[in-house]
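Participant: Handing you this structure, nothing more for now.
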Amino acid sequence: MTTPGFVAIGVFLFFGATMAGLAATTLLLPGTPLDRAWTLNPTAYQQLAPLGGKVGILFLLLSATLFVSVVGWFQRRLWGWRLTVGVIGTQVIGDIINVVRGDVLRGGAGVIIAGALFLYLLKRRVRAAFPSSTN
C-alpha cells in the first residue's frame, strides 16, 4: 500500500525530524546563522532559549525518535507503525493539554490535525501494511 496518505505520513515524520534537529542545533549551538529560523516562531524561542542545552538535548532525542520512526514507517516494520502511533498520540495529548491550559486556537487546531493523523494510523488497512512477521 503506497497511497498518498502513506507517503504523506512519512514525509510529515521526516519534516518533524528535520525541524526538531534544527531546533536542537540552534539551542545547543546558539549564535549561528541557523538562529534566523526562529523568526518563524519568536515566542517559542523566547520560552526555550533560556533553557538552552537542556531542552536542546530533548529536541535532539525527539529528532532521533522521529527519524527512526521514518525508517520503520517506510520499511513497513510493525515497530515503525507502533512508534508512529505513539508519536502522534503524544502530540494529540499535548494539544489537548494546550486547549485545557487556555491556548484554544492553536491547541484546538493541533487536536484536529493530529487527531486526524491518529485516526488515519489506526485504520485497519493502514495497520495491515505493517505485518507482524517483519518486526
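FYI, it's all coordinate maths here, none of it is from the lab. Predicted model, so just to flag it, every value in this text is computed and none were measured. Using ideal geometry, Cβ is built from the backbone for each residue, glycine included, and neighbour counts are taken over all protein chains shown.
Participant: Taking loop as defined by DSSP and a crowding limit of 13 other beta carbons within 10 Å, which trypsin sites (Lys or Arg not before Pro) in region 2-83 fit? Provide the component values of the computation, followed by the final result.
Facilitator: Numbers: sites: Arg36, Lys54, Arg76, Arg77, Arg82; in loops: Arg76, Arg77.
Answer in residue order: no site qualifies.
Participant: Let me ask another. What list of ³J(HN,Hα) values in whole Hz, one per residue of region 3-18 in order, does the Karplus curve 6.51 cos²θ - 1.76 cosθ + 1.60 (θ = phi - 60°) give from phi, with Gly and Pro shown as x?
Facilitator: Coupling constants for region 3-18: 8, x, x, 5, 5, 4, 4, x, 5, 4, 5, 5, 4, x, 4, 5 Hz.
Participant: Okay, next question. Answer with a single label: of [x] 43, 32, 26; [y] 46, 31, 23; [z] 43, 37, 22, which was calculated as Cα extents along the principal axes in Å from the structure in view?
Facilitator: [y]
Participant: Of all alpha-carbon pairs in region 1-74, indicate the percentage at a distance above 15 angstrom.
Facilitator: On the way: 1525 of 2701 pairs.
When every Cα pair of region 1-74 is considered, 56 percent fall beyond 15 Å.
Participant: Treating only the Cβ of Lys, Arg, Asp and Glu as charged (+1, +1, -1, -1), what charge dipole size does region 76-135 show about its Cα centre? Round to the nearest 20 debye. Spell out each step's value before the answer.
Facilitator: Numbers: 9 positive and 2 negative charges, 81 e Å.
Here region 76-135 has a charge dipole of around 380 debye.
Participant: With contacts defined as alpha carbon pairs under 8 Å and 6 or more residues apart, what's the relative contact order of the chain in percent?
Facilitator: Details: 128 pairs, mean separation 33.3, N = 135.
Reported relative contact order: 25 percent.
Participant: Principal axis lengths of region 76-135 from Cα atoms, whole Å, largest first?
Facilitator: Principal extents (largest minus smallest coordinate, Cα): 44, 16, 11 Å.
Participant: Now for a different question. Using the crude model of +1 on Lys and Arg Cβ and -1 on Asp and Glu Cβ, and no other charge, please compute the dipole size for the chain relative to its Cα centre, in debye to 20.
Facilitator: Working: 11 positive and 3 negative charges, 108 e Å.
Its charge dipole is roughly 520 debye.
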